[in-house]
Amino acid sequence: MAQKLFRKGPPLRKYLAGGRVYNWIAVAVLLLIPLMGHADTQREKFVGSHLMCICGCQQVLTECNHIHCPSSVPMREELKEKLAAGMTDDQVYAAFVSKFGTKVLAAPPFKGAFNIVAWLLSMVTLIAGGAALVVYLRRLKSAPPKTAAAPVDVSKFDKEIEDELNNFTPED
């Protein structure tokens, strides 16, 4: 029984001599090459998604779709350089804020009266909308069901229908 589990095949030296192993290694390496830079591009996308393009398009830096944008291309290159230099995300944000101002941030920082009001007002609006929805749904649930309309006696129209059908002359 144990002999059936193991399949005999050509010895390993035949694979090595024929180059099959080397071919598989080359294929594996070629398939893994795109994944080597994947982590860097994901971090660039993450950090760039928290920054705004300053060309006036009001889009996130990584999603600015202007062809030959005079702002996003140099900003993306600068972002790549700063990340390659080993800067943390917060250091990159601080460097961009010092260069372009707070307008470069996709979300305003929780500093200053205007920004605090902007954050709190959005939260208050969300809570008020949720409360209004709950009140509306409770009222809708507790409202008495509407009664059905009284059935109409159609037999009183039978004579009128018969008269109309008798007087009807089809026009060809």
Problem - Matching residues, the range 62-77, being under 12 Å from Glu44 (Cα atoms) and touching a helix residue (DSSP H, G or I) at 6+ places or on another chain (Cβ under 8 Å) - result: Thr62, Met75, Arg76
Practice task
Inspect all residues belonging to the range 20-30 and state whether any of them is among the hydroxyl-bearing types (Ser, Thr, Tyr) and at pLDDT below 85.
Solution key: yes
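Residues checked against (1) surrounded by 10 or more Cβ atoms within 10 Å (Cβ to Cβ); (2) free of Cβ contacts under 8 Å to residues at least 40 places away in the same chain; (3) out of contact with any helix residue (DSSP H, G or I) (no Cβ under 6 Å at 6 or more places or on another chain):
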{"site": "Lys82", "(1), (2), (3)": "yes, yes, no"}
{"site": "Trp119", "(1), (2), (3)": "yes, yes, yes"}
{"site": "Val124", "(1), (2), (3)": "yes, yes, yes"}
{"site": "Ala143", "(1), (2), (3)": "no, yes, yes"}
{"site": "Pro151", "(1), (2), (3)": "no, yes, yes"}
Practice task
Within the range 94-126, work out how many residues are over 19 Å from Cys55 (Cβ atoms), of a type in the set (Phe, Trp, Tyr) and assigned to a helix (DSSP H, G or I).
Solution key: 2
Problem - Selection from the range 84-93 of residues that are part of a helix (DSSP H, G or I) and either surrounded by fewer than 15 Cβ atoms within 10 Å (Cβ to Cβ) or more than 25 Å from the chain's Cα centre (by Cα) (or both) - result: Ala84, Asp89, Asp90, Gln91
Practice task
Considering each residue of the range 127-158, count those that are in a loop (DSSP other than H, G, I, E, B) and of a type in the set (A, V, I, L, M, F, W, C), and give that number.
Solution key: 5
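The values are calculated or read from the model by the stated rules, or taken from the named source; none is laboratory data. Given the structure is predicted, the values throughout are model-derived calculations rather than measurements. A quick note on method: Cβ atoms are made from the backbone with ideal geometry, for glycine too, and the neighbour counts reach across all protein chains shown.
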